[in-house]
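Participant: If you scroll down you'll find the structure; I have some questions about it.
Any read-out appearing in this document is the output of simple, stated calculations on the displayed coordinates, not a laboratory observation. All of these numbers come straight from a predicted model, not from anything done at the bench. Cβ placement follows ideal geometry from the backbone for every residue including glycine, while neighbour counts extend to all protein chains displayed.
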Amino acid sequence: MQIHKLYTKDDLASFGLTGALPAHVGIIMDGNGRWAKKRLMPRSFGHRAGIESLHNIVRECIKLDLKALTVYAFSTENWKRPQQEVNTLFSLFIEFIVKEIDELDANRVRIITLGDLAAFPDRVRICMENASERTKNNTGLTFCLCLNYGGRAEILRAVRNIAASGADPASIDEKLFSDNLYTAGLPELDLVIRTAGEQRLSNFLLWQAAYAEFVFTDTLWPDYKPENLRANIIEFMKRTRRFGKVVE
């Protein structure tokens with residue numbers, strides 16, 4: 001289904017969004033397990049509810065006409081979780097893509113993955129690769145799924161790639177380094193949102209977050225709604241971004 005109506009200026013003004021929106025938003029989707037525990041349900045119940053929140057937030061980013069959304073779906077540390085939970089997450093990743101791909105493609109969303117897919121079962125890897133291939137020429141929102149992703153691992157990968165290229169050390173600058181990250185070509189990260197009350201990055205986009213603004217919310221991810229996203233963006237827009245400069 002195509003989302004025909006992006007928000008008008010009047011719509012945005014009614015939400016309090018009257019300035020420049022962030023181009024690239026990153027979200028650490030936290031709290032699925034706690035949400036399920038509060039309801040005396042297994043963690044898988046929370047993960048499934050979290051997928052529904054992701055559906056709604058991606059649609060909201062399309063309507064807001066954001067350039068990029070990056071979500072932390074599966075970290076390099078998540079392999080430490082019980083195997084049953086890991087398998088459930090794998091199944092939900094596939095289910096999400098299968099259910100959403102037609103709508104995302106119709107709305108010109110480009111899907112990319114950040115992280116090392118080689119460690120995943122073939123069924124997960126192939127599903128993600130097919131989604132990326134199908135949408136690679138789309139020019140709307142770039143929707144980035146961090147899968148088997150860790151910021152430290154990404155930095156080490158960039159260093160190895162640059163070393164393997166034989167680059168003169170004197171020629172290595174921030175642009176060359178950024179060009180060897182998974183996020184090469186994406187807009188600079190403007191805003192990082194973490195749900196469920198935790199206030200840390202947990203190895204998420206470490207290089208990219210150097211000058212990003214951070215918003216932490218106590219809302220558990222399955223309860224995170226489009227209105228929460230808009231409120232967090234409003235908070236971002238109220239801040240003065242200095243980028244190391246003195247602002248009079």
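Participant: Which pairs turn up if I take residues in region 31-60 that are more than 15 Å from Gln84 (Cβ to Cβ) and look for partners that are assigned to a loop (DSSP other than H, G, I, E, B) and polar (S, T, N, Q) with beta carbon separation below 8 Å, at least 6 apart in sequence or on another chain?
Facilitator: Gly31/Thr195; Gly31/Thr219
Participant: Can you tell me which residue among Phe96, Phe74, Phe90 is in contact (Cβ under 8 Å) with a residue 60 or more places away in the chain, aromatic (Phe, Trp, Tyr) and under 21 Å from Phe204 (Cβ atoms)?
Facilitator: Phe74 is the lone residue from the list that is in contact (Cβ under 8 Å) with a residue 60 or more places away in the chain, aromatic (Phe, Trp, Tyr) and under 21 Å from Phe204 (Cβ atoms).
Participant: Could you check Leu104 against (1) out of contact with any strand residue (DSSP E or B) (no Cβ under 9 Å at 6 or more places or on another chain); (2) outside any loop (DSSP other than H, G, I, E, B); (3) of a type outside the set (S, T, N, Q) and say which number it fails?
Facilitator: (1)
Participant: Continuing with the same structure: Return the residues of region 182-204 that are closer than 9 Å to Ile28 by Cβ and of a type in the set (A, V, I, L, M); say none if nothing qualifies.
Facilitator: Result: Val192, Ile193, Ala196, Leu201.
Participant: From the list Ala36, Ala20, Ala13, Ala68, exactly one residue is touching a strand residue (DSSP E or B) at 6+ places or on another chain (Cβ under 9 Å) and among the small types (Gly, Ala, Ser). Which is it?
Facilitator: Of Ala36, Ala20, Ala13, Ala68, the one residue that is touching a strand residue (DSSP E or B) at 6+ places or on another chain (Cβ under 9 Å) and among the small types (Gly, Ala, Ser) is Ala68.
Participant: Name the residues in region 164-188 that are under 13 Å from the mean Cα position of the chain (by Cα) and either under 24 Å from Glu52 (Cα atoms) or β-branched (Val, Ile, Thr) (or both), would you?
Facilitator: The one that is under 13 Å from the mean Cα position of the chain (by Cα) and either under 24 Å from Glu52 (Cα atoms) or β-branched (Val, Ile, Thr) (or both): Thr183.
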